[in-house]
């Protein structure tokens, strides 16, 4: 049997913040709700205060001079941090990009069908990536593709704004349209 490599060895998880005995600086600045006199204390003194309150001494800001510590329950602190991160992630705007593909010789019915889809996507708040795909010799009709995309942008100007004008990338001519902000 082969010995397991480093990759398979269990890694020791290091806490994100230093706590209690892992704080190796001579002085710390204590802050928090349960401290009568916030200020600079020696690390040993701060540890004694934390022990008296039956809580943990947690280093909040290690880069400050002296490092800032808070006396709190570490598990509760971790829970609150996870909760904050979850809220921030939920509030983050998720950008959805929908693609619409044309050929250089797309006729009016197909064009109108795709235009309606683009309107729906923009009203839902998604960005639209419209592109004309040139197959084989159709690359000769670059102008037709550009005209088609510019017409598409003009038809959508009431609900969307053009982020990037038509640009040829290989066999594709691409244009991005994002929804206008609603008032």
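The values are calculated or read from the model by the stated rules, or taken from the named source; none is laboratory data. Being a predicted model, the structure only gives us computed values, none of them experimental. Positions of Cβ are backbone-derived with ideal geometry, glycine not excepted, and every protein chain shown enters the neighbour counts.
Given 127, 94, which one is surrounded by 10 or more Cβ atoms within 10 Å (Cβ to Cβ) and either without any contact (Cβ under 8 Å) to a residue 24 or more places away in the chain or touching a strand residue (DSSP E or B) at 6+ places or on another chain (Cβ under 8 Å) (or both)?
Details: 94 fails: surrounded by 10 or more Cβ atoms within 10 Å (Cβ to Cβ).
Residue meeting the stated conditions: 127.
For the stretch 130-138, check the following and say yes or no: at least one residue is surrounded by fewer than 18 Cβ atoms within 10 Å (Cβ to Cβ), at positive phi and not in a strand (DSSP E or B). Show your work before the answer.
Initial filter on the stretch 130-138 (surrounded by fewer than 18 Cβ atoms within 10 Å (Cβ to Cβ)): 133, 135-138.
Still in the running and at positive phi: 136.
Remaining after also requiring not in a strand (DSSP E or B): 136.
Among the residues of the stretch 130-138, at least one is surrounded by fewer than 18 Cβ atoms within 10 Å (Cβ to Cβ), at positive phi and not in a strand (DSSP E or B), which makes the answer yes.
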Are any of the residues in the stretch 43-52 modelled with pLDDT of 80 or more, in a strand (DSSP E or B) and either in contact with a helix residue (DSSP H, G or I) (Cβ under 8 Å, 6 or more places away or on another chain) or surrounded by 10 or more Cβ atoms within 10 Å (Cβ to Cβ) (or both)? no
Can you tell me which condition residue 35 does not meet? The list is (1) modelled with pLDDT of 85 or more; (2) touching a helix residue (DSSP H, G or I) at 6+ places or on another chain (Cβ under 9 Å); (3) closer than 22 Å to residue 80 by Cα, and all the others hold. (1)
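What number of residues in the stretch 8-32 are modelled with pLDDT under 80, touching a strand residue (DSSP E or B) at 6+ places or on another chain (Cβ under 6 Å) and over 14 Å from residue 64 (Cβ atoms)? Show your work before the answer.
Taking the stretch 8-32 first, the residues modelled with pLDDT under 80 are 8-17, 32.
Cutting the leftovers down to touching a strand residue (DSSP E or B) at 6+ places or on another chain (Cβ under 6 Å) gives us 17, 32.
Narrowing the set further to residues that are over 14 Å from residue 64 (Cβ atoms) leaves 32.
Residues in the stretch 8-32 being modelled with pLDDT under 80, touching a strand residue (DSSP E or B) at 6+ places or on another chain (Cβ under 6 Å) and over 14 Å from residue 64 (Cβ atoms): 1 in total.
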Just name the residue that is surrounded by the fewest Cβ atoms within 10 Å (Cβ to Cβ) out of those in the stretch 139-179 that are touching a residue at least 24 places away in the same chain (Cβ under 8 Å) and over 22 Å from residue 107 (Cα atoms). 163
Please verify whether residue 98 is touching a helix residue (DSSP H, G or I) at 6+ places or on another chain (Cβ under 6 Å) and closer than 30 Å to residue 146 by Cα, treating the condition exactly as stated. yes
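Does the stretch 110-119 include one or more residues that are more than 12 Å from residue 178 (Cα to Cα), modelled with pLDDT under 90 and loosely packed, with under 12 Cβ neighbours inside 10 Å?
Here is the first cut: in the stretch 110-119, the residues more than 12 Å from residue 178 (Cα to Cα) are 110-117.
So of that shortlist, the ones also modelled with pLDDT under 90 come out as none.
Checked the stretch 110-119: no residue is more than 12 Å from residue 178 (Cα to Cα), modelled with pLDDT under 90 and loosely packed, with under 12 Cβ neighbours inside 10 Å.
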What do you reckon, is residue 37 in a loop (DSSP other than H, G, I, E, B) and touching a strand residue (DSSP E or B) at 6+ places or on another chain (Cβ under 7 Å)? no
